1. Sort out which residues of the stretch 45-62 are surrounded by fewer than 14 Cβ atoms within 10 Å (Cβ to Cβ) and not in a helix (DSSP H, G or I), and write them in order of number.
2. Quickly run through the stretch 2-13 and pick out the residues that are closer than 17 Å to residue 55 by Cα and either surrounded by 15 or more Cβ atoms within 10 Å (Cβ to Cβ) or in contact (Cβ under 8 Å) with a residue 40 or more places away in the chain (or both).
3. Find the residue count for the stretch 15-39, including only residues that are assigned to a loop (DSSP other than H, G, I, E, B) and surrounded by 13 or more Cβ atoms within 10 Å (Cβ to Cβ).
């Protein structure tokens, strides 16, 4: 297995798919990184050379991924004033669910 940015990448997957195992790297960013490093996206992780892995590592360093990205997101959530954004969303969802349950006359079963 190859280790990039603290994440073990599966050896039998294409590098384009395997890079999405890194938190903050999606399919689009994966293709972008591989285009910058001129690595074929269809190659398996186990077939990559050390030089290609080093090139990918160097490009990934320019992006906020894994721990740095998690830290930024947590700080942004903590900075929100009032109740945390997550608890406010959770409360609104529960309230909407209760409201919608009583507002569906077609779901009311009538005796036959």
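Quick note: the coordinates plus some simple rules give every number you see, no bench work behind them. This one's a predicted model, so the numbers in the text were calculated from it and none came from an experiment. Cβ: placed from backbone, ideal geometry, glycine included. Neighbour counts: every protein chain shown.
1. Within the stretch 45-62, 49, 61, 62 qualify.
2. 2, 4, 5, 6, 7, 9
3. 5
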